[in-house]
Structure formats: C-alpha cells, structure tokens
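Heads up: the structure comes next, in structure tokens.
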Amino acid sequence: MFYQSIVDRLARILGWRGAKPPEDKDRPSEVETPMSKHFERDLENLQHELLSLSGNVEQMVVKANRALHDRNWDLAQQVINGDNTIDLHEVRIEDECLKILALHQPVAVDLRRVATTLKVNNDLERIADLAVNIAQRAQALVDSPEFAIPEMVDQMADVATTMLREALAALVALDSAAARQVCATDDEVDELNRKVIDELVAQMQANPKLVPAGVHCFSATRHLERIADHATNIAEDVIYLVEGEIARHKRSRLATR
C-alpha cells in the first residue's frame, strides 16, 4: 500500500525529525526545555496524522479510478462512504495546527512546517471530494454499457495518481527538485484532458443518445484534471517548506529550473 511505503520511508529518513529542513538563519537558537519537547512531540504527531490522511486519500483516488474503468457500483460506493471519515480527519488536523500556533507560536522554518501542513491538509480533503465525484460519475455510467469511455481517461487517471504519489513522496523527503517535476507534469494532464474532450464531443455528435453518458464522462475527466492541480499545489507547498519560496503562479519558471 502507498501509505505503508510512505511510513517505511519515513522510518528510514525519520521524516521531519531526522531529515531536517534546511538551516534557517532566522530561526532562534533553542535551549531544550519541557515546552520545546512538547512542541517537537506535537509536530511529530501532526506529521503522522498528515501521512495517515494522505494514504487514505490516495487509496480513495485509486478506488474511484478503478470503479470508473470497471463501472463498478459497489467499489464506487465504498469511495463515497469513506468521505465522511476523511472530512473528520481533515478537521482534526486543522484543529491540531491551530493549537500548535496558539500554544507554541512557532517562527521561521517551524512556522513554515505548520503552514504547509494546513495547506496540504486542505488539498488532500479536496482531492478526496474529487474522488467521490468520480465515483458518482462511475455509478452514473453503470447504466450506459453502450458508451465507450475513451482510453485516454485511464492514462489521465494514471498520471494524476502518480503526481499525487510523487508530491507526497517529495513532502516526506523534503525534495524540492522532485516537487518541481510534479509541477512540470501538470501540463501533460491538461493536454490529455483536451484530447479526451475532443473524443467525447465526436462520440456525442455521432450518436446523440450518448450525450448523457458523455457528459458524465466529461465531468469525471474534469475531476481528474483537478486532482492533478491539487497534487501540483502540494508540490508547490513542498518548495515553500524547503526553500521558503512561494511557488504558486510560477509554474512555467519552476519547470525550467
């Protein structure tokens, strides 16, 4: 499972404990105190919660894509049923971030760590919502066996899922170079989406009876494209965490660095 691989990797590099973020000259020197020990413990617990959430969300995306490909109603329903758990997990992580900000008042790189967790947490929750939307489209297509889902939809799903995995791996490894590669891959998903739309339009023009199914499929591809966008957001947050650079809206420059 992807989540287990992330945990194993975290055990090897000790996540935010062993693979320390780059030195921050603005970060004040600290004397080991009971409060700083509590702070480190809270940060470690927070990152563990985020890893747990990311693993569950990645599983939802994989299941939703499989349900769409197989037109599997039951598998799609599993994804839909899991959304409430993700929502509760997201709220819990946000609450912990706010507590850390209030109790410990982190600065410099520690503040970036908490800010990044807040942003990634939100992106993961939105990705879970998009997985649910794909699952709902899969259920809608169960009753349209005559409709041929374009083969490039599977390719889109593979690329978007890989982007999510690699963005999360970059987060664990604090690898801004890998994060930039994720950002560069987003254009591939956009191009695939355009080609799928062209094929769907051609199908619906050739057979107007396929319009309802075509619209459902179009919606699913739009959700896949948005998953890739959120994976890109996570990658940009990794760059911010590691380098202190706000990378959003600079994707063309990121891809060439």
- Per the list (1) at pLDDT below 95; (2) part of a helix (DSSP H, G or I), residue check on residue 144 breaks on (2)
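Let's see how each residue does on (1) within 15 Å of the chain's Cα centre (by Cα); (2) of a type outside the set (A, V, I, L, M, F, W, C); (3) on the phi < 0 side of the Ramachandran plot:
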site: 95; (1), (2), (3): no, yes, yes
site: 120; (1), (2), (3): yes, no, yes
site: 132; (1), (2), (3): yes, no, yes
site: 137; (1), (2), (3): no, yes, yes
site: 142; (1), (2), (3): no, no, yes
site: 150; (1), (2), (3): no, yes, yes
site: 161; (1), (2), (3): yes, yes, yes
- Here are some residues: 206, 220, 235, 228. Which one is crowded, with 16+ Cβ neighbours inside 10 Å, out of contact with any His (no Cβ under 6 Å at 6 or more places or on another chain) and more than 30 Å from residue 111 (Cβ to Cβ)? 220
- Query: Looking at region 100-114, is at least one residue within 30 Å of residue 200 (Cα to Cα) and either among the aliphatic types (A, V, I, L, M) or at pLDDT 95 or above (or both)?
  - Reply: no
- Look through 226, 253, 194 and report the one residue that is out of contact with any helix residue (DSSP H, G or I) (no Cβ under 9 Å at 6 or more places or on another chain) and modelled with pLDDT of 95 or more. 194
- Go through the residues of region 117-140 one by one and say whether even a single one is out of contact with any helix residue (DSSP H, G or I) (no Cβ under 8 Å at 6 or more places or on another chain) and surrounded by fewer than 22 Cβ atoms within 10 Å (Cβ to Cβ). no
- What are the residues in region 238-251 that are crowded, with 18+ Cβ neighbours inside 10 Å and in contact with a Pro (Cβ under 8 Å, 6 or more places away or on another chain), if any? 241, 242
- Query: Quick one: which of 91, 132, 61 is outside any loop (DSSP other than H, G, I, E, B) and closer than 19 Å to residue 235 by Cβ?
  - Reply: 61
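The values are calculated or read from the model by the stated rules, or taken from the named source; none is laboratory data. The shown structure was predicted, so the numbers you read here are calculated from the model rather than taken from an experiment. Neighbour counts run over all protein chains shown; Cβ positions are idealised from the backbone, glycine included.
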